Amino acid sequence: MALKAGIVGLPNVGKSTLFNAITQAGAESANYPFCTIDPNVGVVEVPDERLDKLTELVVPNRTVPTAFEFVDIAGLVRGASKGEGLGNKFLAHIREVDAIVHVVRCFEDENITHVDGKINPISDIQTINLELILADLDSVEKRIERSRKNMKSGNKQYAQEVEVLERVKEALYNDMPARSVELSDDEKLIVRDLHLLTLKPVLYAANVSEDGVADADSNPFVQQVKEFAAAENAEVVPISAKVEAEIAELEGDDKAMFLEELGLEASGLDRLINAAYRLLGLYTYFTAGVQEVRAWTIRKGTKAPGAAGVIHTDFERGFIRAEVVSYDDLLAAGSMNVVKERGQLRLEGKEYVVQDGDIMHFRFNV
Ligand SMILES: Nc1nc2c(ncn2[C@@H]2O[C@H](COP(=O)(O)OP(=O)(O)O)[C@@H](O)[C@H]2O)c(=O)[nH]1
Ligand SMILES: [Mg+2]
C-alpha cells in the first residue's frame, strides 16, 4: 500500500529543499518494497514513540518503523490549468497523491527571487488553489454535461449525480475547494469518481527563515497562513526547510548541539511527517516478536483481515483470528505474560475493526 503525500507550492518556496531534507533522513528501502524508485519520490519513516517503547520491552533483533512516500511535485505556475508551465502534467502528478503538503514561503531573502516579486503567503496560496479549482471545475462541468445527457434515459441515478455535482460546481465557482462541500456517503462515492484535486486533504508547511525558526509563531506571515488555514480547518506546520536540510546531514551529538543553538527542542521534520500521516487518515498497528518489532500502516476503519493483508496477502486469505492487546494495556502490564494473566489478550474475528496502537498476532491457515 503506497500512500503518497505530494509537496506542492509556487517556484522558489523551498519544496525541493524540504524534500531533500525528508529523504536524507533516510529510510532503508529494502524494508519497504512497495516504494517507487523515482528521484522525485522519497520514503519517510514515521517516528513513533510507541515503537521505541515496544522495542525496550521486547528487545527484538530488529525494529522497523512504518513509512509512506513524499513526492516533490515541481512546476506549478499561474496558468497551469490552462497548460502554462508543465500544466496538465503537473496536475496529473497531483491527481496521484493521497494528500497535499502545500509549502508556503514565509522567509525573506533578497537573493531568492519570488515569482511575484514580494512575499505574500496568502496570495501565493490563492494562486495555487485557483489553478486546482479551475482544473476541477473543468472536470465537474464535463461530467455534468454527460450526466444531463444520460438523464434523458430516465435513470434517476443521473439526476442525483447532476444535483450533487452542481453543488460542487457552485463551491468551486466561489473559490472554495471541493472538500468544503458537505456530502453524504452516497454522494461522496459519486464525487470520488472524478478524482478532484481540491478534494484531497491539505496541510500548509510555512517555510520560515533560519533565524526566525525558534519563534516561528510570531512571524506575521505565519500568522496570516494560520488564519487562512483555520477557515478551511487545515493544519499549519511552521518549518525551516533550510535548517531541516542542514539538520538532516548531522547525527547524534552534533544534531543535538545544532538544535540547541537554534533554540529548538526537536526537528520540525518529525512534526511535519506526523501531521502528514494523520492527514492521510492513517492508523498504526504493531507486531511484536523477538525477531522483529514492527509498525504497520492501515487506513482508519480497516478490519482485521485487511490489516493482516498489509503484511502478506496469505495472512488475509487464510485469516482465522487475531490475538489483540492494546498498546496501553501491554505497556502497563510490562510483558505479554502479565497481559494474559490479566485477561487482556483478546481473540478477535473477521469483523474486528483494528484500532490505532493495537498489537496484533494473526492466526492464519493457507
Ligand atoms: N533563506 C532561505 N532560503 C531558502 C529557504 N528555503 C529554501 N531556500 C532557498 O530558496 C531557493 C529555492 O528553494 P527550492 O527548494 O529549490 O524551491 P522550490 O522551487 O520550491 O523547489 C534555494 O536557493 C533554497 O536554498 C529558507 O528557509 N531560507
Ligand atoms: Mg524544486
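Looking at segment 316-335, which of the residues that are of a type in the set (A, V, I, L, M, F, W, C) and buried (at least 19 other Cβ atoms within 10 Å of the Cβ) is farthest from residue 60 (Cα to Cα)?
Once the filter is applied, the top-ranked residue is 319.
Could you list, in sequence order, all residues of segment 234-250 that are assigned to a loop (DSSP other than H, G, I, E, B), open to solvent by 10 Å² or more (accessible area, probe 1.4 Å) and within 17 Å of residue 274 (Cα to Cα)?
234
I'd like the residue in segment 178-219 that is of a type in the set (Gly, Ala, Ser) and within 16 Å of ligand 1 (Cβ to nearest atom) and, out of all such residues, is most open to solvent (accessible area, probe 1.4 Å).
214
How many residues are more than 11 Å from ligand 1 (Cβ to nearest atom), open to solvent by 70 Å² or more (accessible area, probe 1.4 Å) and modelled with pLDDT under 80 when one looks only at segment 74-115?
Of the residues in segment 74-115, 6 are more than 11 Å from ligand 1 (Cβ to nearest atom), open to solvent by 70 Å² or more (accessible area, probe 1.4 Å) and modelled with pLDDT under 80.
Take the conditions free of Cβ contacts under 8 Å to residues at least 24 places away in the same chain and either not in a loop (DSSP other than H, G, I, E, B) or not β-branched (Val, Ile, Thr) (or both) and apply them to residue 139. Does it pass?
In short, no.
The values are calculated or read from the model by the stated rules, or taken from the named source; none is laboratory data. As the structure is a computational prediction, the values presented were derived from the model and not from experiment. Glycine gets a Cβ as well: all are built from the backbone with ideal geometry, and neighbour counts include every protein chain shown. Side chains are part of the model used for accessible areas, which takes the heavy atoms of the whole protein and leaves out ligands, DNA and RNA. Shrake-Rupley method; radii C 1.70, N 1.55, O 1.52, S 1.80 Å.
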